[in-house]
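Visitor: Mind having a look at this structure? Questions to follow.
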Amino acid sequence: MLGLLFNDKECKELDYVLRKELDEMLLDLSDSRLEYEIRHAIANRYKTVFRMYARFASPKELSKYVRNRQFPIPKKQ
């Protein structure tokens, strides 16, 4: 386990960076032109970043980024 101390300004910056990263990944997951392997890798990374964001975001803010399978990853054919 790794512990970090952030001041208020750094917390806000981390919040902003994580939200923007989640937004970008959601956009990428909605792009049907991407191959299965790439979408799968993005989905795995999304889970990790989402868990990081969940550690300090409010439930209201967190609910904006819960994946609702609106962008399912198609099964490899």
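The values are calculated or read from the model by the stated rules, or taken from the named source; none is laboratory data. It should be emphasised that the depicted structure is a prediction, and the values quoted were computed from it without experimental measurement. With ideal geometry, Cβ positions are generated from the backbone for all residues, glycine too; neighbour counts draw on all protein chains shown.
Visitor: Scan L2, L18 and give me the residue that is among the aliphatic types (A, V, I, L, M) and modelled with pLDDT under 95.
Guide: Matching residue, one of L2, L18: L2.
Visitor: Out of all the residues in the range 22-31, is one or more over 24 Å from C11 (Cα atoms) and part of a loop (DSSP other than H, G, I, E, B)?
Guide: Of all residues in the range 22-31, those over 24 Å from C11 (Cα atoms) come to 27-31.
So of that shortlist, the ones also part of a loop (DSSP other than H, G, I, E, B) come out as 30-31.
Taking every residue of the range 22-31 in turn, at least one turns out to be over 24 Å from C11 (Cα atoms) and part of a loop (DSSP other than H, G, I, E, B).
Visitor: How many residues are part of a loop (DSSP other than H, G, I, E, B), of a type in the set (A, V, I, L, M) and over 9 Å from the mean Cα position of the chain (by Cα) when one looks only at the range 32-70?
Guide: 2
Visitor: For the range 24-36: of the residues being without any contact (Cβ under 8 Å) to a residue 12 or more places away in the chain and either of a type in the set (D, E) or over 17 Å from V66 (Cβ atoms) (or both), which is surrounded by the fewest Cβ atoms within 10 Å (Cβ to Cβ)?
Guide: Within the range 24-36, the match that is surrounded by the fewest Cβ atoms within 10 Å (Cβ to Cβ) is R33.
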